[in-house]
Amino acid sequence: MNPRSILRRRRSLLLSAAGAAVVLAASVAVAGTAEAASTLGASAAQSGRYFGAAIAAGKLGDSTYTGILTREFNAVTPENEMKWDATEPSQGRFTYTNGDRILNQGLSNGSKVRGHALLWHAQQPSWAQSLSGSALRSAAINHVTQVATHYKGKIYAWDVVNEAFADGGGGGRRDSNLQRTGNDWIEAAFRAAHTADPNAKLCYNDYNTDGVNAKSTGVYTMVRDFKSRGVPIDCVGFQSHLGTGIPGDYQANLQRFADLGVDVQITELDVAQGGNQASIYSSVTRACMAVTRCTGITVWGIRDSDSWRTGENPLLFDNSGNKKAAYTSVLNALNAGGPTVPPTSGPTSPPTSSPTTPPSAGACSASVTLNSWSGGYTATVKVTAGSAAVNGWAVTVNLPAGGAVTNAWNATSTGTSGTVGFANVSYNGQIPAGGSTEFGFQGTGSGPSATPTCRAS
Ligand code: G3I
């Protein structure tokens, strides 16, 4: 990826919508709140939101930097330290030193920590870049599992998959080594992340998806599909690396995703310095404040000198750490208020209540759908109750010789080759009469060719 050329593309797209910022700002209805707070984090917290910054471990010794960080922000994202190349520099050897420094800085300041990013086509370690097919799929899922497990219970939201959609008009997936392992690599990653850390919100994150366009519609269609099939996705991140304009339908785009039942977050906000930098920052903030499920905003750095966009001065503090006009416009927009984020918009979690009268036991059946590639596959197994409800189920699958199960989700597994058993977990054992649930597993070799058997309890 060439960040400069991507930015140039983004900028040309956004220039055409520059005038729309004013329209957007005027159309956002905001409700006043009791008292104005004097920092970004505190003012966002008044409506249940966070205001965060991407930070770098190498800068935590800079007192100007950490002074602004601890004063202003109540969320942090590691700019590079939790990426694949940083956390697994050689296969199976995990290094968390710098990721942990970011985590501990955030937690000790009472901040939320956004994890970024479990899988991405860029910033892969060289060993992963040279893998393909089932070897890469297994390595990727193992990476997700290991890293999400290391940070289990501590991460507010993970960018599970970053930038998997293509630019341009098609609305399809970006070609990458990960994409070539099979179209289901994204859902396999979300399932593995959910298994490893059921309490983290799991996000899909991308750029050039900040308005209604072919790319964002491609993401929208994927999220709608995931929600309909129970793939554990909780949130969508909109990077919002903006030029000198903002799409006129910025807020409407956030809202259409929120209406699918996911949280939305502004994850990497920065805006080219120009005549309207402050008003664009204000428009973005107002849009988030107006969308109930927009849970927070993260800027991609603290001072202009910390930005990846060298020379564009795209952030809220100047090189010396002074507040810019853009800072004031964001603070005012946060203090103008908006609908409070409901506490219920948490991560996907298994239902905790059980019916007072348990249904009686009955029979069940199972069917399997395979997504195969050379040397591996993922299997989705649908378990269906018969004419009576079931309280628990066990499915048996026969695998061809030479293959093995490497990972399972929404079920516990017994054995890895030959005859493999899968049983319900606590939250999906009870199926009403005629109802169904799904679990999945990943394997090497070829998937099962016979219909699995199902035994109800
Ligand atoms: O740490 C090394 C240093 O040791 C070495 O001397 C130097 C020489 O180039 O490189 C340093 O690493 C750089 C790293 O940033 C830390 O500064 C990498 O080369 C450089 O590629 C890397 O850039 C990061 C970029 O992602 C990589 O694609 C930027 O900091 C980071 O802001 C940027 O963040 C991305 C998000 O993750 C995803 N969305 C887009 C966003 C902006 O590109």
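The values are calculated or read from the model by the stated rules, or taken from the named source; none is laboratory data. Worth saying up front: this structure is predicted, and the values here are computed from it rather than measured. Positions of Cβ are backbone-derived with ideal geometry, glycine not excepted, and every protein chain shown enters the neighbour counts. The accessibility values were calculated without ligands, DNA or RNA, using every heavy atom of the protein model including side chains. Shrake-Rupley method; radii C 1.70, N 1.55, O 1.52, S 1.80 Å.
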Using only protein heavy atoms and a 1.4 Å probe, report how much of Lys382 is accessible, in Å² to the nearest 10. 90
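Multiplying the sequence separation of Ser228 and Asp85 by 0.36 nm and subtracting their Cα-Cα distance, what value in nm do you get?
Working: separation 143, 0.36 × 143 = 51.48 nm, distance 3.32 nm.
Residue separation times 0.36 nm, minus the Cα-Cα distance, leaves 48.2 nm.
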Give me the angle, in degrees from 0 to 90, between the Cα long axis of helix 3-15 and the longest principal axis of the Cα atoms of the chain, rounded to the nearest 10. 70
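Under the rule of -39500 (n - 2.57) per DSSP H run of 4 or more residues, summed and divided by the residues of the chain, what mean residue ellipticity at 222 nm is obtained, to the nearest 500 deg cm²/dmol? All intermediate terms of the calculation are to be shown ahead of the outcome.
Values: 13 runs with 137 residues, N = 457.
So the calculated ellipticity at 222 nm is -9000 deg cm²/dmol.
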Lys382 and Ala45 label points (each 7 Å along its Cα→Cβ direction) are spaced in nm at 4.8
How big is the accessible area of Ser449 in square angstrom, nearest 10, if you roll a 1.4 angstrom probe over the protein chains? 120
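Would you rank His194, His143 by solvent-accessible area, highest first, keeping every protein chain in place and using a 1.4 Å probe?
Values: His194 20, His143 0 Å².
I get His194, His143, largest accessible area first.
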Enter the angle in degrees (range 0 to 90, nearest 10) between the Cα long axis of helix 133-150 and the first principal axis of the Cα atoms of the chain, meaning the one along which they spread out most. 70
With +1 assigned to the C-beta of every Lys and Arg and -1 to the C-beta of every Asp and Glu, and no other charges, what is the dipole magnitude of the chain about the Cα centre in debye, to the nearest 20? 240
Measuring from centroid to centroid over Cα atoms, what is the spacing of the stretch 289-324 and the stretch 68-99 in Å? 19
At q = 0.07, 0.14 Å⁻¹, what log₁₀ I(q)/I(0) does a Debye calculation on the Cα points of the chain give, no solvent, two decimals? -0.37, -1.29
Linear extension gain, Thr70 paired with Thr221, 0.36 nm per residue minus alpha-carbon span: 50.5 nm
The helix 185-196 Cα axis meets the longest alpha-carbon principal axis of the chain at an angle in degrees, between 0 and 90 and rounded to 10, of 90
Reachable lysines from Lys152, criterion Cα separation under 26 angstrom, eight or more residues apart if same chain: Lys59, Lys83, Lys112, Lys201, Lys227
Which Cα, out of Asn142, Tyr327, Leu242, lies furthest along the positive dipole direction of the chain (beta carbon charges, K/R +1, D/E -1)? Asn142
Segment Phe94-Tyr427, extension gain: residue separation times 0.36 nm, minus the distance between their alpha carbons: 116.7 nm
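Could you tell me the relative contact order of the chain? Use alpha-carbon pairs under 8 Å, at least six residues apart, and round to a whole percent.
Working: 1061 pairs, mean separation 70.8, N = 457.
Rounded, it is 15 percent for the chain.
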Among His121, Ser90, Val160, pick out the residue whose Cα is farthest towards the positive end of the charge dipole of the stretch 81-161, where Lys and Arg carry +1 and Asp and Glu carry -1 on C-beta, about the Cα centre. Val160
Taking the Cα of Ser126, stepping 7 Å toward and past its beta carbon, and measuring to each backbone N in the stretch 151-183: which are under 20 Å? 177-178
Among Ser228, Thr64, Ala363, whose Cα projects farthest towards the positive end of the dipole of the chain, with charges put on the beta-carbon of Lys, Arg (+1) and Asp, Glu (-1)? Ala363
